[in-house]
Amino acid sequence: MVSVMSNLRTLALQAAREPAALLAEAFASGTVVAETKTNRHDLVSAWDHRVEEMLKTSLTGHDAVFWGEETGRQSPARSGQLEWIIDPIDGTSNFVHGYPMFSISIAAAIDNAVVAGVVVNPVTGTEYSADASGAYCNGERIVARPAPAHEAQYNLITSFPAAEVLHRAPDASTLFGDLVTNFATVRRIVSGALELCHAACGIADVVLGVDTQPWDVAAGSYILHQAGGRYITAVDGPPHLARHYLALAPDRSSEGIAPVFEAIHRL
C-alpha cells in the first residue's frame, strides 16, 4: 500500500485522460442527449455511466472499493482500505447544454480522509491535482492569484439557491440578494469540482456550496486545501461528507459571507 499511496495522483490522472478526450469529442459534436434523474434540474447522460465504468476499470486493483455518483457506494471501506470517490461528469447540465464548464473528478480516500485528488476539464484539457506533496495545475505547482484588497471586491461562485432549496425555503432568495449586494461579482458555474479548483488558483475568491454530495467535492476540496486555501463546513466529521461548505482561496477572509453561511445551516 505504501508504494501505491505515492502514486495515487498519477494513477487518477492516467485514468481520467482517455475518458476526458472522449467527452471533449462528444461535447464538440453537439449531439449529447440526457434524461432527468431526480427532477428536471438533475440530468444524466449515457456518458455519465460510460465514463464511470471506464474509470472504475482503470482504477481497479490494490484492494480498492468505489463510491461513484452513478453506481453508488460499493461498500463502506474497511480500516486502511483505499476508496475511490468518482464523479464521471461534474456539471452534466453544462455538458448537455453546450456550456464548456464540466469536469471529471476523482478522489482517493483512506479512512474517510482524502489523500489525493484529480479534477480534469475535458474541453480545455486543464488538469488539477493534489497529493501530500502539494497542489498542481498541468503539472506545475499552483500559485494562487493575489487576493483583492477588500472583501467587497471578491469574486464569489455559487449555485445557491438551487431550485430544490427555493422549494423548501423560499426566503433563500433574500440571502442570494445579500450575496449580490456584498460582493463584486456572483457567478454560477454549476460544477462544484471546477469551482473549488478555481478557488485553489485564486480565480474565485469565495465558493459557497449547498446540498453537495461527496463525489462533488472530495477531490476539489483536497486540491484547495493543498494549495493553501480553506474549506469550511462548520460541522464535525470528514469535510467531503458535509452538506454545505464555504471555500476560500489562499489569503482570503470570510467576514462578509459568514452570516449568510450561518443562515444557510438553518434553512
Practice problem: Output the peptides 76-83, 115-122 sorted from most to least packed, where packing is the average of other Cβ atoms within 10 Å over each peptide's residues. | Solution: 115-122, 76-83
Quiz item: Size of the dipole of segment 2-141 about the Cα centre, Lys and Arg at +1 and Asp and Glu at -1 on the beta carbon, nothing else charged, in debye to 20?
Solution: 80 debye
Quiz prompt | Length-normalised contact order of the chain in % [C-alpha pairs under 8 Å, at least 6 apart] | solution = 16 percent
Practice problem: Over the alpha-carbon set of segment 151-264, work out the extent along each principal axis and list the three values in angstrom, largest first. | Solution: 36, 29, 24
Quiz item: Within the chain, what percent of beta bridges assigned by DSSP are antiparallel, to the nearest 5?
Solution: 80 percent
Quiz item: Which ordering of 90, 216 is given by a fewest-first count of other beta-carbon atoms within 10 Å?
Solution: 216, 90
Quiz item: Picking from 248, 22, 59, which is most flexible by a Gaussian network model of the chain using Cα springs under 10 Å?
Solution: 22
Exercise. Calculate how steeply helix 214-226 sits against the longest principal axis of the alpha-carbon atoms of the chain, using the helix alpha-carbon long axis, and give the answer as 0 to 90 degrees to the nearest 10.
Key: 80 degrees
Quiz prompt | For segment 93-223, size of Cβ-based charge dipole, Lys and Arg +1, Asp and Glu -1, in debye | solution = 260 debye
Quiz item: For the chain, with only Lys/Arg (+1) and Asp/Glu (-1) charged at the beta-carbon, what is the dipole magnitude about the Cα centre, in debye rounded to 20?
Solution: 140 debye
Quiz item: Residue by residue through segment 196-205, which ³J(HN,Hα) values in whole Hz follow from phi under the Karplus form 6.51 cos²θ - 1.76 cosθ + 1.60 (θ = phi - 60°), with glycine and proline marked x?
Solution: 5, 5, 5, 5, 4, 8, x, 5, 9, 8
Quiz item: By DSSP, what percent of the beta bridges with both residues in segment 151-264 are antiparallel, rounded to the nearest 5?
Solution: 55 percent
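Read the figures in this text as sums done on the coordinates, not as results from a lab. Small disclaimer: the values here were computed from a predicted structure and weren't measured. Neighbour counts are summed over all protein chains in view; Cβ atoms, including those assigned to glycine, are modelled from backbone coordinates with ideal geometry.
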